[in-house]
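The values are calculated or read from the model by the stated rules, or taken from the named source; none is laboratory data. Quick caveat: nothing in here was measured; it's all calculated off a predicted structure. Counting neighbours? That spans all protein chains shown, and the Cβs are built from the backbone with ideal geometry, glycine included.
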Amino acid sequence: MTVDEAFARPDGPPLAVSPPLPLPVSLPGGLLLRESGPADLEQIGALLAERGAPEDALDHRLVVEDPEASWSACAVVVDGDRVVSTATLLDEELRLGGVRLPAGQVELVATDAEFEGRGLVRALMQWAHARSAARGHVVQVMIGIPYFYRLFGYEYAIDIPVSRPVRGTPPTEGMPALRTARASDLPALAVLQDQAQRGFDLAMGHSPARWRWLLAHDATTLRVVERAGEVVAVARTTPVDDGEFHLAEAAATDERAAHELLAGVAALAPEAQLHVVHRPGTLPATVWHELLDHTPRPGAEQYYVRIPDPAALLDRLRPLFRQRLTAAGLDLAGRELLLSTYRAHYRIPVGAQGLGEVVTGGTMQRPGSDGGVSVAPDQLAALLFGPYGIEGLSRLRPDAYVRGEDGPYRALFPPLTADLLTYYLP
């Protein structure tokens, strides 16, 4: 299957696929950025383990040796034969309403301490973004250290769910049938997670390749509850660290399965404090609500989002915009939607049969006079994917506002719930 075929969807036109960044690329100081290869495996693993965590070496090997990702998913900067920096791009897919958005995620980034401050991560991010465009991605998401990735066009946009301590033990009949997942379980696990994510406005699931990696890696363990030969619950658990461990990505078919999942995981390390990553609206979250400590905790955690081409993303979202207008009972046929990011603006004509192609224009400081909405470019991701919507965002940011008839834009840009499944737990 070609990239065009893979990303051609009934909910949007096929995306134009850009050519990849020509490699290798010469960097200052005699360094070279190139695609990784099998001969780099040991050095990349050692660098990731030294600068990150020991288990990162295995995680990298699982990616590059998988045929769905392969060595082309990873790039390195070398000084002669020495690997001094590396990054990996993963293929993802966001589901927003009924629209599927091909996406990329940068992971497994590391630079030798001796070579820090020389722009190597910047060069690798340019490679990753060029590769992402070549694969038809219209957005990138990632988990990253505070602030750093804002230097490369990312902004905080999507809330990360809170981890809550377990303060009680669920009732169970006998010992729960909890076990480590096997390869034969993976189709059932994918179905369970798909069902759990249906209630969220925005979702990102695990790809078939990543399910295989999660089964084999060391950073977390896939646990399942089995009943009458069928998998009825699943979660990922972390190893005990400093007297604590975590249960994440829980999904279950019924209340009994949810109780057995929590009881079985708690029994793995009864001397340690178990924390549950809370996924509001899912069956386990509802069943476990009274067993968790819901004391508010300070601080905010969010996923990074980068939008490389707003017009391409908005064009992809036209079916969703039409659906939202219809659901709100708004007939805007013969008019147009207008969104300004100040340095550019985007018009979408509304016809009787749907929304027309996005038309991009130049600087527009005051779109309200033309019946539009404005948002600063670094807040566009928060508007399209975040928990505030245009109404909430306008209370937080002076440069996000709508004037005049705001009903259509409240419908177009509502607050969103989100659930993203990632290789590493946030």
Residue list for segment 375-409, restricted to those being modelled with pLDDT under 95 and charged (D, E, K, R): GLU391, ARG395, ARG397, ASP399, ARG403, GLU405, ASP406
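Can you pull out every residue in segment 312-342 that is acidic (Asp, Glu) and in a helix (DSSP H, G or I)?
To start, the set of residues in segment 312-342 that are acidic (Asp, Glu) comprises 315, 331, 336.
ASP315, the sole residue that qualifies.
Among what's in segment 241-255 and is touching a residue at least 12 places away in the same chain (Cβ under 8 Å) and not in a strand (DSSP E or B), pick the residue that is nearest to LEU202 (Cα to Cα). Give the derivation first.
Of all residues in segment 241-255, those touching a residue at least 12 places away in the same chain (Cβ under 8 Å) come to 243-255.
Checking the rest, the ones that are also not in a strand (DSSP E or B) come to 243, 253-255.
Values: GLY243: 34, THR253: 21, ASP254: 23, GLU255: 25 Å.
So, considering only residues that are touching a residue at least 12 places away in the same chain (Cβ under 8 Å) and not in a strand (DSSP E or B), the one nearest to LEU202 (Cα to Cα) is THR253.
Give the residue that is modelled with the lowest pLDDT, with candidates limited to residues of segment 339-374 that are hydrophobic (A, V, I, L, M, F, W, C) and over 13 Å from LEU314 (Cβ atoms).
First pass over segment 339-374, keeping only residues hydrophobic (A, V, I, L, M, F, W, C): 339, 344, 348, 350, 352, 355, 358-359, 364, 373.
Those still in the list that are over 13 Å from LEU314 (Cβ atoms) too: 350, 352, 364.
Numbers: VAL350: 96, ALA352: 89, MET364: 94.
The residue in question is ALA352.
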Segments classed as strands (runs of 3 or more DSSP E), wholly inside segment 129-186, with at least 2 members that are buried (at least 20 other Cβ atoms within 10 Å of the Cβ) and of a type in the set (A, V, I, L, M, F, W, C): 139-142, 155-159
Selection from segment 201-237 of residues that are over 23 Å from GLY264 (Cα atoms), of a type in the set (Gly, Ala, Ser) and part of a helix (DSSP H, G or I): ALA209
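State which residue is surrounded by the fewest Cβ atoms within 10 Å (Cβ to Cβ) when the search covers only segment 377-392 and only residues that are within 19 Å of ALA312 (Cβ to Cβ) and among the hydrophobic types (A, V, I, L, M, F, W, C). Write out each step before concluding.
We begin by selecting, within segment 377-392, every residue within 19 Å of ALA312 (Cβ to Cβ); these are 377-385.
Of the ones still in play, those that are also among the hydrophobic types (A, V, I, L, M, F, W, C) are 380-385.
Working: LEU380: 22, ALA381: 25, ALA382: 26, LEU383: 25, LEU384: 24, PHE385: 24.
Once the filter is applied, the top-ranked residue is LEU380.
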Test: ARG82 is charged (D, E, K, R), touching a residue at least 12 places away in the same chain (Cβ under 8 Å), in contact with a helix residue (DSSP H, G or I) (Cβ under 9 Å, 6 or more places away or on another chain) and farther than 25 Å from ALA134 by Cα: yes
Failed condition for ARG122, given (1) closer than 23 Å to PRO377 by Cβ; (2) touching a strand residue (DSSP E or B) at 6+ places or on another chain (Cβ under 9 Å); (3) modelled with pLDDT of 95 or more: (2)
Odd one out for ARG118, checked against (1) part of a loop (DSSP other than H, G, I, E, B); (2) under 30 Å from PRO415 (Cα atoms); (3) basic (Lys, Arg): (2)
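Could you identify the single residue in ALA235, ALA258, ALA203, ALA250 that is within 17 Å of PRO171 (Cα to Cα), modelled with pLDDT of 95 or more, surrounded by 19 or more Cβ atoms within 10 Å (Cβ to Cβ) and of a type outside the set (S, T, N, Q)?
Of the residues listed, the single one that is within 17 Å of PRO171 (Cα to Cα), modelled with pLDDT of 95 or more, surrounded by 19 or more Cβ atoms within 10 Å (Cβ to Cβ) and of a type outside the set (S, T, N, Q) is ALA258.
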Tally, over segment 46-74, of residues that are within 12 Å of THR86 (Cβ to Cβ) and surrounded by 20 or more Cβ atoms within 10 Å (Cβ to Cβ): 9
Filter result for the condition that a residue is farther than 30 Å from THR221 by Cα, touching a helix residue (DSSP H, G or I) at 6+ places or on another chain (Cβ under 6 Å), among the hydroxyl-bearing types (Ser, Thr, Tyr) and assigned by TED's automatic domain parsing to the domain that holds GLY368, over THR326, THR341: THR341
Qualifying residue in segment 260-279 (condition: charged (D, E, K, R) and within 24 Å of ASP159 (Cα to Cα)): yes
Hits in segment 154-200 (condition: over 19 Å from ALA285 (Cβ atoms), among the small types (Gly, Ala, Ser) and touching an Asp or Glu at 6+ places or on another chain (Cβ under 9 Å)): ALA177, ALA188
Test: residue in segment 21-41 that is closer than 19 Å to SER132 by Cβ, free of Cβ contacts under 8 Å to residues at least 40 places away in the same chain, in contact with a strand residue (DSSP E or B) (Cβ under 6 Å, 6 or more places away or on another chain) and in a strand (DSSP E or B): no
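Scan segment 276-311 for residues that are of a type in the set (A, V, I, L, M) and in a loop (DSSP other than H, G, I, E, B) and jot them down. Reasoning before the result, please.
Applying the first criterion (of a type in the set (A, V, I, L, M)) to segment 276-311 yields 276-277, 283, 285, 287, 291-292, 300, 305, 307, 311.
Passing the criteria: ALA300, ILE307.
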Single residue of segment 387-426 satisfying the filter (touching a residue at least 12 places away in the same chain (Cβ under 8 Å) and polar (S, T, N, Q)) that is nearest to LEU320 (Cα to Cα): THR417
